[in-house]
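Let me begin by presenting the structure, written as structure tokens, before commenting on it.
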Amino acid sequence: MSYQETIAKAGSLIQSNGAPWDGISAESAARMKLQNRFNTGLDIAKYTAKIMRADMAAYDADPANYTQSLGCWHGFIGQQKLISIKKHFGTTKRRYLYLSGWMVAALRSEFGPLPDQSMHEKTSVSDLIEELYTFLKQADARELGMMFRDLDAARESGDQVKAKQIEHAIDNYETHVVPIIADIDAGFGNAEATYLLAKKFIEAGACCIQIENQVSDEKQCGHQDGKVTVPHEDFLAKIRAVRYAFLELGVDDGVIVARTDSLGAGLTKQIAYVKEPGDIGDQYNSFLDCDEVDPSNVGHGDVLIARDGKLMRPKRLPSNLFQFRSGTGEDRCVLDCITSLQNGADLLWIETEKPHIGQIGGMVNRIREVIPNAKLVYNNSPSFNWTLNFRQQVFDAWTAEGRDMSAYDRAKLMSVDYDSSELSAEADERIRTFQKDAAAQAGIFHHLITLPTYHTAALSTDNLAKEYFGDSGMLGYVLGVQRQEIRQGIACVKHQNMSGSDIGDDHKEYFAGEAALKAAGKDNTMNQFAAA
């Protein structure tokens, strides 16, 4: 519905209610409606699910159409990312937000900073989804409010051409609301707990839920040791639970990302149930590290399984966890991915120990032998030392080519001494093109960085503290922050406007007319930035 059509509809409603509504302006009501396009989280989930599905189809047609996101731990951070994206690129197309369980645990728990072990409050994640969308909707309201003010100014000056141009821009306005890929960890309990929490996620606005195959009460960060996986049937039950949640709430095209941590997980808490030889439980158990047992030499309390007519004792740790055979991680990942896609997942996430296109692509090629359109969400993790990893990859490639590598020490490639070297330049170029190359060669549909703003907040705070509390004093803030905001056109330099002060002024005028007491008068110090 166009701007003028929205006004006309509001006008008809006001007129039908007669004199009691005479103080209501149809145009003001229409503006408020346009500034709040999404009434509920379910409206958002349905809208963004369609975006993701369209983007997935576009990627299948051409891998150059990969998507990206950055992780968030506060609504303001997510809002500023989308404002920056629109400012620099003019569109939010193929750009999402990622909600990291790691950052929720580390930064949002009432217990204080926690490791990524699902010890934080379950609903803190769904609360953050709602918070993120509240801030994104406020970004819409702010930007549209500025357009409405420009429209009024054009009308007052008699510039009808400009007024029509602004109305056209309003009619074609692109929202800041984009898909969020939301991390539900291992489901925070059994399948029923997963279903209940997934509903909270979806009701808050999530169109895409990422779930991993670790044991819920033993969950570890994907880049730490001690990870424990569950048998496939347990994981598939949780995938189905998430799908049921989507269907119950009417988000029929909701997206499920099935994450496997098997590459770095050498343990399982359970031996899988087997109905018949070769079934999914039997395949899971085939990876267990076992010793053949003489039936006459069975120890008290031993756990035994039969394999190929032999009695086998799985290796069990004092923690009562069972050990997989070394070197089976990739095979287990491939099996995890195939079974997940065959049982309701839409996208895959393979957690790796390094960003290596060959390694990822090798697994994806095996998966695509069974499921041709399999595609990944990939964690471009800050847990990787990107500089060192890619310098080593270049070193190894050049060595294999027979190049003279005597100028380099592979064990010390992180040294600043190599920063201006030819090897460093080649490594940096590979890092720059990693996402494009991995999208084309390794089936990666979506690239994300889980914890970027955790690190940027720490870095910028360190720089500010060093300057402000040092010899620079107030110049440390002005030179390093405020002047940069002005020069780079950062909207938050006018922080009153960003917090919604002008929106509030508009509402005061709608509600009280000439009696409105506005905050944006001549004494508002934000006016000092008008020329910025």
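What to note about this one:
- Criterion: charged (D, E, K, R), under 22 Å from Phe135 (Cβ atoms) and at pLDDT below 90 - qualifying residue of Lys522, Lys494: Lys494
- Residue within the range 4-22 that is in contact (Cβ under 8 Å) with a residue 40 or more places away in the chain and in a helix (DSSP H, G or I) present: yes
Quick grid of which residues meet (1) touching a residue at least 24 places away in the same chain (Cβ under 8 Å); (2) farther than 21 Å from Lys81 by Cα; (3) not polar (S, T, N, Q):
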| site | (1), (2), (3) |
| --- | --- |
| Thr123 | yes, yes, no |
| Ile129 | yes, no, yes |
| Glu156 | no, yes, yes |
| Asp159 | no, yes, yes |
| Lys200 | yes, yes, yes |
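- Extreme residue, surrounded by the fewest Cβ atoms within 10 Å (Cβ to Cβ), among residues of the range 26-41 that are under 18 Å from Glu167 (Cα atoms) and of a type outside the set (D, E, K, R): Asn36
- The range 292-328 - residue that is over 23 Å from Val228 (Cα atoms) and in a loop (DSSP other than H, G, I, E, B) and, of those, modelled with the highest pLDDT: Val293
- Count - residues of the range 434-480 that are surrounded by 14 or more Cβ atoms within 10 Å (Cβ to Cβ) and of a type in the set (A, V, I, L, M, F, W, C): 13
- Verdict on Gln323 being surrounded by fewer than 16 Cβ atoms within 10 Å (Cβ to Cβ), among the polar types (S, T, N, Q) and in contact (Cβ under 8 Å) with a residue 24 or more places away in the chain: no
- In the range 361-411, the qualifying residues are those that are among the basic types (Lys, Arg) and in contact (Cβ under 8 Å) with a residue 24 or more places away in the chain, and the one that is farthest from Ala440 (Cα to Cα) is Arg391.
- Taken together, Asp185, Asp127 contain a single residue that is surrounded by 20 or more Cβ atoms within 10 Å (Cβ to Cβ), among the acidic types (Asp, Glu) and within 16 Å of the chain's Cα centre (by Cα), which is Asp185.
- For the range 405-429, residues that are surrounded by 19 or more Cβ atoms within 10 Å (Cβ to Cβ) and not hydroxyl-bearing (Ser, Thr, Tyr) total 3.
- When each of Ala245, Ala241, Ala265 is tested for being under 19 Å from Gln342 (Cβ atoms), in the same structural domain as Ala345 (by TED's automatic domain parsing) and surrounded by 19 or more Cβ atoms within 10 Å (Cβ to Cβ), the lone residue that passes is Ala241.
- Residue match in the range 460-478 (condition: in contact with a helix residue (DSSP H, G or I) (Cβ under 7 Å, 6 or more places away or on another chain) and closer than 25 Å to Ile350 by Cβ): no
- Filter result for the condition that a residue is closer than 25 Å to Ser326 by Cβ and assigned by TED's automatic domain parsing to the domain that holds Ser383, over Gln270, Gln210: Gln270
- The sole residue among Ser84, Ser109, Ser69 that is in the same structural domain as Leu132 (by TED's automatic domain parsing), under 30 Å from Ile184 (Cβ atoms) and in a loop (DSSP other than H, G, I, E, B) is Ser109.
The values are calculated or read from the model by the stated rules, or taken from the named source; none is laboratory data. A quick note: this is a predicted structure, and the numbers were derived from the prediction, not measured. Neighbour counts run over all protein chains shown; Cβ positions are idealised from the backbone, glycine included.
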